[in-house]
Amino acid sequence: MSRRDALGTSARLVVGAAIEATLAGCRSEPAPAAASEPATQPAAAAATSEPGRFTPEQRAILDGIVDFLIPETTSPGARQAEVPAFIEGVVLAVLDDADRRAFCDGLDAIAASARQKHGLPFAICSPAVRLELVRSLFGPEEATRAFARRVRELTISGFCKSRFGATRVLQYDPIPGAYDGCRSLESVGRAWATS
Amino acid sequence: MDQKPKPNRYDAIVVGTGISGGWAAKELCERGLSTLVLERGRDVQHVVDYTTAHQAPWQLPHGDQLTAAERKKKHVQIRSEIVEPSTQHWFVNDDEHPYIEEKPFDWIRGYHVGGRSLTWGRHCYRWSDLDFEANAREGIGVDWPIRYPELAPWYDHVEAFIGVSGQAEGLSQLPDGKFLPPMPLNCLEAHVAGRMRERFSDRRLTIGRCAHLTQAHLGRGQCMYRNLCMRGCPFGAYFSSNAATLPAAVVTGKMTLRPHSVVTEVLYDDRAGKAVGVRVVDAVTKKSEEFFARVIFLNASTLGTAFILLNSLSRRFPNGLGNDSGELGHNLMDHQYMTGAFGTFAGFADRYYSGRRPTSAYIPRFRNVKTKTSRYLRGFGYQAGASREDWTRTIAELTVGAALKQALAEPGPWRMGMTAFGECLPSHHNRVKLDRDRLDPFGLPQLSISAAHGENERAMRSDMGDSAAEILEAAGFSNVETFDLPSPLGSCIHEMGTARMGRDPKTSVLNAHNQVHGAPNVFVTDGACMTSSACQNPSLTYMALTARAAAFAVSELDKGQL
């Protein structure tokens with residue numbers, strides 16, 4: 001299932017499966033250990049090939065969050081840069097158990113909020129409601145502060161390490177060839193993606 | 001030399017292919033010795049085996065972060081914070097190589113051809129007689145049996161081959177070398193260097209003296225400023241055994257390289273009264289085999305060599321080869337570090353840099369050089385670097401949406417950080433021993449390490465942070481903060497000592513030519529040989545001692561002395 005479909009045709013599937021979805025997926029065991037050869041394909045491929053890890057609802061919420069933080073403008077945004085898949089991979093394989101559970105709880109809290117406040121699963125709420133649910137995550141509420149910080153960190157780092165982020169919003173030079181330690185900012189232009 | 005090679009018999013054996021072992025191999029082979037070079041790990045071919053060297057950030061798993069399972073496999077190595085998917089193949093799986101921490105000790109290592117010459121920091125600073133004389137002047141440990149003028153021609157020899165870029169500064173405590181053109185300081189570093197000259201008569205900031213080529217050199221290419229060194233350099237632009245010394249040994253036709261060869265002991269023939277070879281356990285087949293040579297160089301790294309010597313028992317040496325003194329395994333040192341300062345600088349908003357310079361700036365030791373401080377002996381240097389804050393600064397901020405994207409594309413304010421590297425005094429109590437009740441997967445006794453920094457290190461430590469803050473404040477930085485994080489032995493990855501050089505066989509393990517006392521055809525020239533630690537990064541000194549000892553070994557062989 002393409003991740004971009006999560007908010008469209010598969011939304012109806014989410015309604016009936018909503019209750020089971022919150023019990024499975026994100027809280028399951030971490031993804032299997034990475035293969036010993038270094039990855040040659042983008043990190044996203046490994047994560048989306050594991051069905052049922054994040055539920056469709058959790059993915060829809062994550063899509064909404066990254067889109068809010070780093071939207072498409074004249075340059076690609078976090079969703080185009082496949083940041084949700086990056087985040088899912090990191091949460092499931094990189095974070096330790098406590099941090100993974102906290103992250104999943106954070107997504108599920110938004111899902112619960114959608115049902116409580118609007119009587120609907122997140123993915124079926126209107127765009128305005130979804131936006132408000134995401135925006136309030138980054139508000140002053142103490143309870144969601146830690147999750148908000150974590151998802152912000154993962155969104156920004158996932159974006160800046162993505163091909164779109166590193167080359168279209170930031171700059172990346174694979175083989176600079178020389179070092180100039182003091183040139184005009186204007187002559188460089190955008191910030192470097194790596195140091 | 002041998003005319004007809006007998007099986008398993010060579011003119012010389014070198015144990016280890018790291019930064020000093022590669023030099024022993026090159027020097028002995030170039031002087032005509034048939035040399036068996038034993039490496040306990042797998043082979044690593046230059047360029048071919050640098051599997052991650054060209055991977056872009058988006059091609060690395062999870063943004064180049066290890067999974068929880070991978071971190072578990074390398075649970076000690078990750079304490080170094082340099083182990084990532086792009087470099088993890090250069091670090092051991094810790095459960096395969098257990099050791100005992102009687103006190104905390106971070107043993108950071110990789111077992112493969114090239115060893116830590118692939119992952120080192122490339123900083124190259126000469127010692128001076130301020131360092132070589134210190135033990136004798138202050139009554140600490142034992143006197144070094146050599147002085148700078150004896151080692152200077154070997155520093156020259158090593159620098160000329162490996163290529164060290166740097167800036168001559170005329171400082172007595174940091175002798176100038178034979179440098180390739182220096183890498184540039186950036187705007188802010190140059191500013192700080194200038195302010196330091198104005199405000200502090202005895203403190204200097206200079207560009208790092210580093211084993212990076214700033215021009216083509218002896219067939220190796222110049223640095224491309226990617227700063228991905230630890231993955232292995234496809235241009236051969238920084239010095240490693242793989243890029244430089246081992247190819248030089250291969251060219252002679254005299255080297256036999258045998259990976260997967262774990263040396264368990266030096267074989268000492270009690271009847272003949274000399275060392276005759278080494279025992280090897282094959283890492284793959286687990287079969288034991290013996291190899292023989294007239295000269296043996298131990299370059300298995302400080303703790304690897306300590307193990308071999310302690311495990312080499314004979315009637316002549318019941319407590320380990322060369323251990324008449326009882327000092328073998330003792331006087332282990334490591335620099336203390338993980339302390340310093342950082343701050344923000346409001347200027348140069350319209351200045352930026354391009355290219356990724358693979359070295360930092362350096363502030364040589366200024367304490368106890370011209371004037372003594374009463375608070376502690378010896379001193380510390382800093383690795384310092386300025387940069388503009390990158391996208392990671394936005395994580396702690398509150399901007400979202402298009403404004404966040406805008407912020408990502410703009411470099412943040414200039415900042416500078418300084419991390420101190422402080423000398424560690426030798427202490428007999430800091431030691432390793434073999435625990436014959438706890439065996440590793442090869443059936444060998446585990447190394448048991450008991451070592452901690454002492455009173456002099458503690459007395460020095462607050463000054464390491466405070467002096468850095470003083471420099472930043474004098475240069476006009478704001479929000480200056482010191483930091484002080486745990487720095488157990490091993491964490492600086494400059495562990496040295498356990499088989500110290502000295503003038504007296506009763507109080508040292510090696511003589512002035514790195515020969516084991518009582519076993520003159522066995523040489524130790526890796527970190528184990530060090531009698532004090534200074535504060536300079538030690539690899540250049542290991543290489544110089546190795547080249548000097550190899551030349552001596554060959555001349556002794558020619559004279560029939562060995």
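The values are calculated or read from the model by the stated rules, or taken from the named source; none is laboratory data. A quick note: this is a predicted structure, and the numbers were derived from the prediction, not measured. Quick reminder, even Gly has a Cβ in these numbers, built from the backbone with ideal geometry, and neighbours come from all protein chains shown. Only protein heavy atoms, including side chains, enter the accessible area calculation; ligands, DNA and RNA are left aside. Shrake-Rupley method; radii C 1.70, N 1.55, O 1.52, S 1.80 Å.
Counting each DSSP H run of 4 or more residues in chain B as -39500 (n - 2.57), what helix-only mean residue ellipticity at 222 nm follows after dividing by all residues, to the nearest 500 deg cm²/dmol? Intermediate values should be presented prior to the final figure.
Details: 11 runs with 117 residues, N = 562.
About -6000 deg cm²/dmol.
How many angstrom lie between the Cα centre of segment B:383-457 and the Cα centre of segment B:221-267?
Cα centroid to Cα centroid, the span is 26 Å.
Can you give the accessible area of residue B:348, probe radius 1.4 Å, in Å² rounded to 10?
60 Å²
May I ask you to work out the translational diffusion coefficient for segment B:341-480 at 10 °C, viscosity 1.306 mPa s, via Stokes-Einstein with Rh from the Kirkwood sum over Cα pairs, reported in whole µm²/s? Could you put the intermediate results ahead of the total?
Details: Rh = 19.1 Å.
The Stokes-Einstein estimate is 83 µm²/s.
Using the scaling law 2.2 N^0.38 Å as the reference, what is the normalised Cα Rg of segment B:233-339?
On the way: Rg = 17.1 Å, N = 107, 2.2 N^0.38 = 13.0 Å.
Ratio of Rg to 2.2 N^0.38 Å for segment B:233-339: 1.32.
Which semi-axis lengths, in whole Å and largest first, follow from the square roots of five times the eigenvalues of the Cα gyration tensor of the protein assembly as shown?
Details: eigenvalues 508, 187, 109 Å².
Here the semi-axes work out to 50, 31, 23 Å.
Quick one, what does Rg over Rh come out to for segment B:2-96 if you take C-alpha atoms and the Kirkwood Rh?
Ratio value, two decimals: 1.13.
When all C-alpha to C-alpha distances in segment A:40-195 are sorted into bins of 5 Å, what percent of pairs does each bin hold, rounded to whole numbers?
1, 9, 16, 19, 18, 14, 9, 6, 4, 2, 1, 0
Roughly to the nearest percent, how much of the accessible area of the protein assembly as shown is carbon and sulfur, given a 1.4 Å probe? Don't skip to the end; give the middle numbers.
Values: 15160 of 29180 Å².
Summing carbon and sulfur atoms, their accessible area is 52 percent of the total for the protein assembly as shown.
To the nearest µm²/s, what D does Stokes-Einstein give for segment B:109-179 at 4 °C and 1.567 mPa s, using the Kirkwood radius over alpha carbon pairs as Rh? Mind showing how you got there, number by number?
Details: Rh = 14.2 Å.
For these conditions, the coefficient is 91 µm²/s.
Go through segment B:310-355 and name the trypsin sites (Lys or Arg not before Pro) that are in a DSSP coil and have 16 or fewer other Cβ atoms within 10 Å of their Cβ.
Details: sites: B:315, B:316, B:351; in loops: B:315, B:316.
For trypsin sites (Lys or Arg not before Pro) across segment B:310-355 that sit outside H, G, I, E and B with at most 16 neighbouring Cβ atoms in 10 Å, the list reads B:315, B:316.
Distance from the Cα centre of segment B:326-357 to that of segment A:80-117, in angstrom?
If we compute the Cα centre of each part, the gap is 36 Å.
Report, largest value first, the span of the C-alpha coordinates of segment B:175-273 along each principal axis, in whole Å.
The principal-axis extents, from largest down, are 67, 35, 24 Å.
Stokes-Einstein at 20 °C, 1.002 mPa s, Kirkwood radius from Cα pairs: D for segment B:429-472 in µm² s⁻¹?
159 µm²/s
Rank these residues by their accessible area, most exposed first, probe 1.4 Å: A:118, B:123.
Details: A:118 85, B:123 15 Å².
So, going from the largest accessible area down, we get A:118, B:123.
I'd like the Kirkwood hydrodynamic radius of segment B:478-560, using the inverse of the mean 1/r over distinct C-alpha pairs, in Å.
Numbers: mean 1/r = 0.0687 Å⁻¹.
Evaluated on segment B:478-560, it is 14.6 Å.
Residue by residue through segment A:173-185, what is 3J(HN,Hα) from phi via Karplus (6.51 cos²θ - 1.76 cosθ + 1.60, θ = phi - 60°)? Round to whole Hz and write x for glycine and proline.
10, x, 9, x, x, 7, 10, 10, x, 7, 10, 5, 4
Output needed: Cys residues of chain B lacking any neighbouring Cys C-beta below 4.7 Å, sorted by number.
If one checks each Cβ against the other cysteines of chain B, B:29, B:124, B:210, B:223, B:229, B:233, B:424, B:492, B:529, B:535 turn up with nothing under 4.7 Å.
Using Cα atoms only, what is the angle between the long axis of helix B:455-474 and the major principal axis of chain B, expressed in degrees (0 to 90) to the nearest 10?
The answer is roughly 30 degrees.
How much accessible surface does residue B:436 have with a 1.4 Å probe, in Å² rounded to 10?
Taking all protein chains as shown, residue B:436 has close to 120 Å².
If you find the alpha carbon centre of segment B:28-71 and of segment B:511-562, how far apart are they in angstrom?
Here the answer is 27 Å between Cα centres.
Residue by residue through segment B:24-31, what is 3J(HN,Hα) from phi via Karplus (6.51 cos²θ - 1.76 cosθ + 1.60, θ = phi - 60°)? Round to whole Hz and write x for glycine and proline.
Values per residue, Gly and Pro as x: 4, 4, 4, 5, 5, 5, 5, 8 Hz.
Determine the principal axes of the Cα atoms in segment A:69-124, then give the extent along each, sorted from largest to smallest and rounded to whole angstroms.
36, 31, 14
Can you list the residues, at least 5 places off or on another chain, whose amide H is less than 5 Å from the amide H of residue B:164, using H built in the peptide plane?
Hits under the 5 Å cutoff: B:180.
Give me, ordered by chain and number, the residues 5 or more places off residue B:265 or on other chains with an amide H under 5 Å from its own placed amide H.
Correct list: B:279.
Kindly report the accessible area of the protein assembly as shown per residue (heavy atoms of protein chains, probe 1.4 Å, no ligands, DNA or RNA), in Å². Don't skip to the answer; put the middle values down first.
Values: 29180 Å² over 757 residues.
Per-residue value: 39 Å².
Any idea what log10 I(q)/I(0) is at q = 0.07, 0.12 Å⁻¹ for chain B, Debye with uniform C-alpha scatterers and no solvent?
Ignoring solvent entirely, the Cα scatterers give -0.40, -1.20.
Give the Rg (one decimal place) followed by the Dmax (whole number) of segment A:110-172, computed from C-alpha coordinates and expressed in Å.
Gyration radius and largest Cα-Cα distance of segment A:110-172: 14.9, 46 Å.
How high is the relative contact order of chain B, in percent, with contacts defined as C-alpha pairs under 8 Å that are six or more residues apart?
Numbers: 1315 pairs, mean separation 122.5, N = 562.
This gives 22 percent for chain B.
Please list, in order along segment B:423-430, the HN-Hα scalar couplings obtained from phi with the Karplus expression 6.51 cos²θ - 1.76 cosθ + 1.60 (θ = phi - 60°), rounded to whole Hz, x for Gly and Pro.
Values per residue, Gly and Pro as x: 5, 10, 6, x, 9, 4, 6, 7 Hz.
What number in nm² do you get for segment B:303-354 if you take the convex hull of its Cα atoms and divide its surface by four? It would help to have the intermediate numbers written out before the result.
Numbers: hull surface 29.0 nm².
The Cα convex hull of segment B:303-354, projected and averaged over all directions, gives 7.2 nm².
Probe radius 1.4 Å, ligands and nucleic acids left out: which of B:532, A:136 has the largest accessible area, and how do the rest follow? Mind showing how you got there, number by number?
Numbers: B:532 0, A:136 55 Å².
Correct descending sequence by accessible area is A:136, B:532.
Could you compute how much accessible surface residue A:86 exposes when probed at 1.4 Å, giving the result in Å² to the nearest 10?
The value for residue A:86 is about 20 Å².
Output the 0 to 90 degree angle, nearest 10, between the alpha-carbon long axis of helix B:187-199 and the longest principal axis computed from the alpha carbons of chain B.
Long axis of B:187-199 versus the principal axis of chain B: about 90 degrees.
Please state the relative contact order of segment B:257-370 as a whole percent: Cα pairs under 8 Å, 6+ residues apart?
16 percent
Determine Rg/Rh for segment B:59-218; Rg is computed over alpha-carbon atoms and Rh is the Kirkwood hydrodynamic estimate from the same atoms. Mind showing how you got there, number by number?
Details: Rg = 20.3 Å, Rh = 19.4 Å.
Reported Rg/Rh, Kirkwood definition of Rh: 1.04.
Indicate the gyration tensor shape class of segment B:169-214 (rounded, prolate or oblate), computed on the Cα atoms with a ≥ b ≥ c the square roots of the eigenvalues: a/c under 1.5 is rounded; otherwise a/b larger than b/c is prolate and the rest oblate. Walk me through the numbers before you get to the answer.
Numbers: a/c = 3.41, a/b = 1.32, b/c = 2.59.
Note, shape of segment B:169-214 comes out oblate.
Students often get this wrong, so check it: of A:117/A:161; B:74/B:405; B:26/B:73; B:254/B:559, which have C-alpha atoms separated by over 31 Å?
Numbers: A:117/A:161 36 Å; B:74/B:405 36 Å; B:26/B:73 34 Å; B:254/B:559 21 Å.
Over 31 Å Cα-Cα: A:117/A:161; B:74/B:405; B:26/B:73.
Please report, in whole Å, how far the alpha carbons of segment B:433-526 spread along each principal axis, starting with the longest.
Rounded to whole Å, the extents work out to 57, 36, 21 Å.
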